[in-house]
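Presented below is the structure to which this report refers.
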Amino acid sequence: MPVVTVLERQIHLDEEGFLTEPSEWDEALARELAANIGLELTPRHLEVIAFARSDQAEQGETPTLRRMTAVGGFPTKELFQLFPKKPAKKLSYVAGLQKPVGCV
Amino acid sequence: MRRLLVLGAGTAGTMAVNKLRPLLAEDEWDITIVDQSEEHHYQPGYLFVPFGWYRPEQIVKPRKRLITRGVTQLTGAVDRVDTDANLVHLADGTELAYDQLIIAPGTHPTPSETPGLAEPNARERGVHSFYTLDDAVALRDAMQRFDGGRLVVNLIDLPIKCPVAPLEFAFLVEAWLHERGLREETEVIYVTPLDGAFTKPLAAKELGGMFTERGIDLEPDFMLEQVDLDEQCLVSYDERVVPFDLLVPIPINRGAAFVGRSGLGDELDHVRVDKHTFLAEGLDDVFALGDAANLPTSKAGSVAHFSLDVFVENFLRHIDGLEMHERFDGHANCFIESGYGKAMLLDFNYDTEPLTGTFPFPEVGPLKLLGENEANHWGKLAFRWIYWHLLLPGRPLPLHADMSMIGKDRPSLPDPDPEAEQAPRRTSALMEVSM
């Protein structure tokens, strides 16, 4: 598991580059993560991220896109505008969470 | 007298009562099972109906004969569960009290979740699913009329029951088109919200390779917003458009509505459970089995089967006030029909993705994991008999509840990519991420 230094502190990543410790996340790091995938965060991004993080803390798993819409109240269409092409993956990356479980 | 009440007489509910009845003394435990249907469907058989391999009457039996003596059978729909009062309310006003409750109503295709899919003219506009018997029969008839064009298979969202069935349908229909002499004039397109053919990396790679071989086009990362029936096309949330002449959608699956009404479900009305014991969250007298539970593994008959072995052991301890020490590992075992008389086999659990190898014995198989052969195909066809005669009655099968690594090839670590080593250092310490 890679450990890298960003913003003068150590963070833990998995093989795909996702944070493994949600507690290492803060807004400044989110901006770094976002820039790394070509996104610039707006206040609306941060609202979406805040819900995803609090839901993950309560439920123990990253919310799916469906849950973001059904429980969080964020329209799927908007999530696609905020996090183009792959909203579930990009959102969880920037929010410092694991990818939502790909149920099989 | 203590009362065990089971809601749902599908694969999981039927196996549960058939296994438990002989183990619970009849003068101590009353067992009652409720289902809204008097029929039991062999659901894996739906896939073969459109191709004319199975006729509907081969995959339907009266529920009554499949459940062991000593179990009271009721027909009715559940309105809600009152977990405070230990009561189940049926839609007709009947109240059923329980000491232990098993919720096993399954999960069901719900076309009304997707704009366009549930419209009355959907079939007329070339939209046919195969996830109910009625739909599978209508698809069979539509395929008889099909004379080429764009045939689109669309997995709308996960989780769904039998998650390999959409892939199987794509493989089978491709082979069927060859047979009918229609392959040249038909494009087969597989549209999925995933970034590959399957969720797990190794299987996605193997299956993706088979798509290429068969000339099936893959349209990944496609999150469906609506089906436009007038224009006959799929429209995604990011406004991509996929036209079709025949669309085979796999609708969003939802658990039973009463689960949601009873406050026991997640956003799709699947019961929130402990993934190792199946006990509903926060309760000690309610379990959920089979597809109705929100386990992070396949919704499949094999999972119901393996989990039942764990459940029965645990339940007998639980009702005696002892701790449940068996833990389900998420074991699933799925055949994938791949057309041309062959099939593949996947065997996996919560922690181990499907690997290549042989099953159940090393080298000799006879079944091949994550690869095609004829034995797999015959295994799949033999399964209908096993289902009716061994699985549902709760007779032992020679397959262990826990997944075994015997016969599986362990994946080797990827070779370091020499070019990556020489790549210029990135300005950010963060790893490059593929999105």
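The values are calculated or read from the model by the stated rules, or taken from the named source; none is laboratory data. Quick caveat, the model's predicted, so the values are computed rather than measured. Positions of Cβ are generated from backbone atoms using ideal geometry, with glycine treated the same way; all protein chains shown enter the neighbour counts. When the accessible area is computed, the model is the full protein with side chains, heavy atoms only, and any ligands, DNA or RNA have been set aside. Shrake-Rupley method; radii C 1.70, N 1.55, O 1.52, S 1.80 Å.
Numbers below:
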| item | result |
| --- | --- |
| Rounded accessible area per residue of the protein assembly as shown, 1.4 Å, Å² | 44 |
| Descending semi-axes in whole angstrom, ellipsoid equivalent of the stretch B:23-81, from the Cα gyration tensor | 30, 14, 9 |
| Under 14 Å, Cβ to Cβ, from A:GLU24 - net charge with Lys/Arg +1 and Asp/Glu -1 | -4 |
| Debye log10 I(q)/I(0) at q = 0.15, 0.22, 0.26 Å⁻¹ for the stretch B:136-215, Cα point scatterers | -0.56, -1.11, -1.38 |
| Dipole of chain B [Lys/Arg +1, Asp/Glu -1 at C-beta], most positive-end residue of B:ALA203, B:THR14, B:PRO115 | B:THR14 |
| Fully extended contour minus Cα-Cα distance, from A:THR20 to A:THR42, at 0.36 nm per residue | 5.5 nm |
| Carbon/sulfur fraction of accessible area - chain B, other protein chains in place, 1.4 Å, % | 48 |
| Between helix B:374-386 and chain B: long-axis angle, C-alpha atoms, 0 to 90°, nearest 10 | 20 |
| Ratio of Rg to Rh over chain A (Cα coordinates, Kirkwood Rh, two decimals) | 0.94 |
| Placed amide H near B:GLU219: partners under 5 Å, 5+ positions off or other chain | B:TYR190, B:VAL191, B:THR192 |
| Nearest-ten-degree value, helix B:201-214 long axis tilted from longest Cα axis of chain B | 50 |
| nm² value of the averaged projected area, convex hull over the Cα atoms of the stretch B:344-395 | 4.3 |
| Long-range HN-HN contacts of B:GLY330 with modeled amide H, under 5 Å | B:TYR350 |
| Residues whose placed amide H lies under 5 Å from that of B:ASN373, excluding near-sequence neighbours | B:ALA343 |
| Accessible surface buried once B binds A (1.4 Å probe; total of both sides; Å²) | 2700 |
| Residue-span extension gain [B:THR72 to B:LEU182] - 0.36 nm each, minus C-alpha spacing | 34.4 nm |
| Rounded Å value of the spacing that divides the Cα centres of the stretch A:30-89 and the stretch B:212-282 | 19 |
| Rounded to 5, percent antiparallel among DSSP beta bridges of the protein assembly as shown | 55 |
| For the stretch B:147-152, Karplus couplings with θ = phi - 60° (6.51, -1.76, 1.60), whole Hz, Gly/Pro x | 10, x, x, 9, 9, 10 |
| Accessible area of chain A belonging to carbon and sulfur atoms, whole % at 1.4 Å probe | 51 |
| Radius, Kirkwood style, for chain B when every pair of distinct Cα atoms is counted (Å) | 23.1 |
| Top positive-direction residue, dipole computed over the stretch B:234-310 with Cβ charges, set B:ILE250, B:SER307, B:LEU295 | B:ILE250 |
| HN-Hα J in Hz across the stretch B:322-335 - Karplus 6.51, -1.76, 1.60, θ = phi - 60°, x for Gly and Pro | 9, 6, 7, 10, 7, 10, 6, 9, x, 4, 10, 9, 10, 7 |
| Alpha-carbon spread of the stretch B:111-253, three principal axes, descending order, Å | 40, 35, 28 |
| Label-point separation, A:VAL4 to B:LEU381 (7 Å along Cα→Cβ), nm | 5.3 |
| Taking all pairs of distinct alpha-carbon atoms in the protein assembly as shown, Kirkwood radius in angstrom | 24.9 |
| Charge dipole magnitude, Cβ of K and R +1, D and E -1 - the stretch B:111-253, Cα centre, debye nearest 20 | 500 |
| Segment B:ARG55-B:GLN226, length gained on full extension (0.36 nm per residue, minus Cα span) | 58.3 nm |
| Per-residue HN-Hα couplings for the stretch B:37-47 [Karplus 6.51, -1.76, 1.60; θ = phi - 60°; Hz; x = Gly/Pro] | 10, 9, 10, 10, 9, 7, 5, x, x, 3, 4 |
| The stretch A:26-94, dipole about Cα centre (Lys/Arg Cβ +1, Asp/Glu Cβ -1), debye to the nearest 20 | 400 |
| Assigned charges on the beta-carbon of Lys, Arg, Asp, Glu; the protein assembly as shown dipole about Cα centre (debye) | 1120 |
| Burial order of peptide ranges A:52-64, B:107-119 (average beta-carbon count within 10 Å, highest first) | B:107-119, A:52-64 |
| Förster-model FRET efficiency, 41 Å R0, B:GLU38 and A:ALA35, C-beta, rounded to 0.05 | 0.10 |
| In degrees, nearest ten, helix B:133-145 long axis to first principal axis of chain B (Cα) | 20 |
| Residues in the stretch B:254-274 occluded by at least 30 Å² - accessible area, probe radius 1.4 Å, against chain by itself | B:GLU267 |
| Cleavage-rule hits (trypsin sites (Lys or Arg not before Pro)) in the stretch B:1-105: DSSP loop, at most 12 neighbouring Cβ within 10 angstrom | B:ARG69 |
| Net charge over other residues, Cβ less than 10 angstrom from the Cβ of A:ILE11 (K, R count +1; D, E count -1) | -2 |
| Relative contact order [Cα under 8 Å, 6+ residues apart], the stretch B:332-391, whole percent | 31 |
